[in-house]
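Notes for the one structure printed next.
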Amino acid sequence: MITNKFSRILLAVDDSPCSHRAIDYARDIVNEIHPTLAIVTVVPPTSPSAYGGDPLLGQQPIIIAEVSEIQQQASQEFLNRLATEFNGAKETYTFNRVGDIRDEILAAAKEWAADLIIIGNNGRTGFDHFLSGSISEALIRKASCPVLVIPLKCD
């Protein structure tokens with residue numbers, strides 16, 4: 001039984017298989033204790049170069065702003081669909097951010113005064129973990145509230 005001291009839960013997700021297990025777990029918790037829920041996803045900034053098209057086929061290069069806008073739009077649609085799945089929440093908010101994933105999740109948790117952060121863990125080890133670091137580890141170290149990490153070894 002989860003205690004009722006978690007009245008404001010922040011669920012950090014992306015549209016990957018690793019997040020789907022955390023979403024399922026969060027849904028169970030929300031249905032049990034009926035908190036206010038915020039769902040956050042973070043789109044990393046696009047690189048400062050244009051994506052090329054093929055001029056021989058009459059394709060224009062896609063400018064970075066357009067790529068970023070497409071990513072933001074897709075993220076918001078994902079959040080909107082996901083928010084409808086949490087009927088047990090008192091209220092559901094969505095945050096669609098652009099920036100460093102760790103920093104943006106921490107900022108959203110602080111600004112929104114979250115009591116609990118739920119996040120999935122992709123299970124990377126070795127060199128992959130060294131290169132990308134672990135968002136969940138950073139959240140555990142730096143968050144001002146408890147962090148529930150849902151483990152899943154994703155391929």
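Site pair Gln76 and Glu137 shows an inter-label distance of 3.5 nm when each label is modelled 7 Å from Cα along Cα→Cβ.
The gain in end-to-end length when the Ser7 to Asp28 segment is fully stretched comes to 6.1 nm, 0.36 nm per residue minus the alpha carbon separation.
For GluC sites (Glu not before Pro), the sites in the range 86-125 that DSSP calls loop and that have at most 11 other Cβ atoms within 10 Å are Glu91.
Amide H contacts under 5 Å for Ala38: Ile9, Leu10, Leu11, Tyr93, restricted to partners 5 or more places along the chain or on a different chain, H placed in the peptide plane at 1.01 Å from N.
Values quoted throughout were computed directly from the atomic coordinates according to the rules given, and no laboratory measurement underlies them. Keep in mind that this is a model prediction, so the values were computed, not measured. Because the Cβ atoms are built from the backbone with ideal geometry, glycine has one as well, and the counts that use them run over all protein chains shown.
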